[in-house]
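Engineer: Okay, here's the structure, questions in a sec.
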Amino acid sequence: MTDFDSTLRSLRVWDTDLPGFAPETAPAEPLPLFHDWFVAAARAGQTEPHTMSLATVDEDGRPDVRTVMLHGADERGWHFATHATSAKGRQLAARPEAALGFYWPVQGRQVRLRGRVVTGTAGEAYDDLHARSTGAVASALVGRQSEVLDSVEDLNRASRAAWERAQAEPGAHSPTWTLYVLQPSEVEFFQGDEQRRHLRLRYRLDEASGWVRELLWP
């Protein structure tokens, strides 16, 4: 057995006390429950609870996934941002559907969403970028996300120039920086259980009746 195999088989899942979950008390819509679970995860010490997996599909129908940061969750949907010229930006332009996945192991919880993705306004993209750190602005000013990089020195040189510009011009902006909003048609809340009696509550949006709540077998 290799070190990888032995390490993999030695790992435990949810080596902590898990919270309870009563699906019958869940709100009629998914957003308030997401807000509650998010705050609970952060207060329980979950590292970076605002990171999430974003899955898209390219023009050939091949799936793609990466970790991005949540920028907001409100009545419009779940917000994230990137360059429109990046791989995910191009994929969303061609097929504006995506899935999001949150995993908060400190509480044995997951939240999964699927839905259509729309873009915010240019003003919203500007406000989104400039609400972030100087480093985030500098990274956006570098741009060229997903393009082939010839050398690390090219990256260092472009990054230094972007940092200098971000510090000298607080209002500097990247025209390709775009705010995206996923408008969910499905939201699933997963509560893990030590005895594997996991609880899964799915909210499904029905055009006629609004949000429908359904329990799923684990």
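The values are calculated or read from the model by the stated rules, or taken from the named source; none is laboratory data. Fair warning: this is a prediction, and the values are worked out from it, not measured in the lab. Note that we place each Cβ from the backbone using ideal geometry, even for glycine, and neighbour counts take in every protein chain shown. For the accessible areas, the whole protein counts, side chains as well, though only heavy atoms, and no ligand, DNA or RNA atoms are used. Shrake-Rupley method; radii C 1.70, N 1.55, O 1.52, S 1.80 Å.
Engineer: Please work out which residue is farthest from R12 (Cα to Cα), limiting yourself to region 101-150 and to residues that are of a type in the set (S, T, N, Q) and in a strand (DSSP E or B).
Structural biologist: At the first step, the residues of region 101-150 found to be of a type in the set (S, T, N, Q) are 107, 110, 119, 121, 133-134, 139, 145-146.
With in a strand (DSSP E or B) added as a condition, the list becomes 110, 119.
Numbers: Q110: 17, T119: 40 Å.
Checking each candidate, the answer is T119.
Engineer: Taking region 109-142, which residues are in contact with a helix residue (DSSP H, G or I) (Cβ under 6 Å, 6 or more places away or on another chain) and at pLDDT below 95?
Structural biologist: Residues satisfying the conditions are L129, T134, V137, A138, A140, L141, V142.
Engineer: Another question, then. Out of the residues in region 80-90 meeting the condition of being outside any loop (DSSP other than H, G, I, E, B) and open to solvent by 20 Å² or more (accessible area, probe 1.4 Å), tell me which one is nearest to E48 (Cα to Cα).
Structural biologist: Per the criteria, the residue is K88.
Here's the yes/no breakdown for (1) closer than 30 Å to A73 by Cβ; (2) in contact with a Leu (Cβ under 7 Å, 6 or more places away or on another chain):
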residue	(1), (2)
D127	yes, no
R132	yes, no
V142	yes, no
E147	no, no
L155	no, yes
R165	no, yes
G171	yes, no
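Engineer: Pick from S146, S139, S133, S185: which is under 30 Å from E214 (Cβ atoms) and either of a type outside the set (D, E) or open to solvent by less than 90 Å² (accessible area, probe 1.4 Å) (or both)?
Structural biologist: Working: S146 fails: under 30 Å from E214 (Cβ atoms); S139 fails: under 30 Å from E214 (Cβ atoms); S133 fails: under 30 Å from E214 (Cβ atoms).
Answer to the check: S185.
Engineer: Please state which of the following conditions D58 fails to meet, knowing it meets all the rest: (1) out of contact with any Leu (no Cβ under 7 Å at 6 or more places or on another chain); (2) closer than 29 Å to A172 by Cβ; (3) at pLDDT below 95.
Structural biologist: Condition (2) is where D58 drops out.
Engineer: List pairs: first residue in region 156-184 and hydrophobic (A, V, I, L, M, F, W, C), second residue in a loop (DSSP other than H, G, I, E, B) and loosely packed, with under 14 Cβ neighbours inside 10 Å anywhere in the structure, Cβ distance under 7 angstrom, at least six positions apart or on different chains.
Structural biologist: V181/R76
Engineer: Further question: Only one of P27, P19 is within 21 Å of L216 (Cβ to Cβ), open to solvent by less than 60 Å² (accessible area, probe 1.4 Å) and without any contact (Cβ under 8 Å) to a residue 24 or more places away in the chain; which? If you could, list the steps in order and put the result at the bottom.
Structural biologist: Values: P19 fails: without any contact (Cβ under 8 Å) to a residue 24 or more places away in the chain.
Answer to the check: P27.
Engineer: Among the numbered criteria (1) assigned to a loop (DSSP other than H, G, I, E, B); (2) of a type in the set (A, V, I, L, M); (3) in contact with a strand residue (DSSP E or B) (Cβ under 7 Å, 6 or more places away or on another chain), which single criterion is violated by A172?
Structural biologist: In the conditions (1) assigned to a loop (DSSP other than H, G, I, E, B); (2) of a type in the set (A, V, I, L, M); (3) in contact with a strand residue (DSSP E or B) (Cβ under 7 Å, 6 or more places away or on another chain), A172 misses (3) alone.
Engineer: Let me ask another. I need a count of the residues in region 66-79 that are of a type outside the set (D, E), farther than 23 Å from V142 by Cβ and either in a loop (DSSP other than H, G, I, E, B) or open to solvent by 60 Å² or more (accessible area, probe 1.4 Å) (or both). Spell out the reasoning first.
Structural biologist: So in region 66-79, the residues of a type outside the set (D, E) come out as 66-73, 76-79.
Filter again for farther than 23 Å from V142 by Cβ, leaving 72-73, 76-78.
Going one step further and asking which of them are either in a loop (DSSP other than H, G, I, E, B) or open to solvent by 60 Å² or more (accessible area, probe 1.4 Å) (or both), we end up with 76.
Result for region 66-79: 1.
Engineer: Condition test on T7, is it touching a strand residue (DSSP E or B) at 6+ places or on another chain (Cβ under 9 Å), free of Cβ contacts under 8 Å to residues at least 24 places away in the same chain and open to solvent by 40 Å² or more (accessible area, probe 1.4 Å)?
Structural biologist: no
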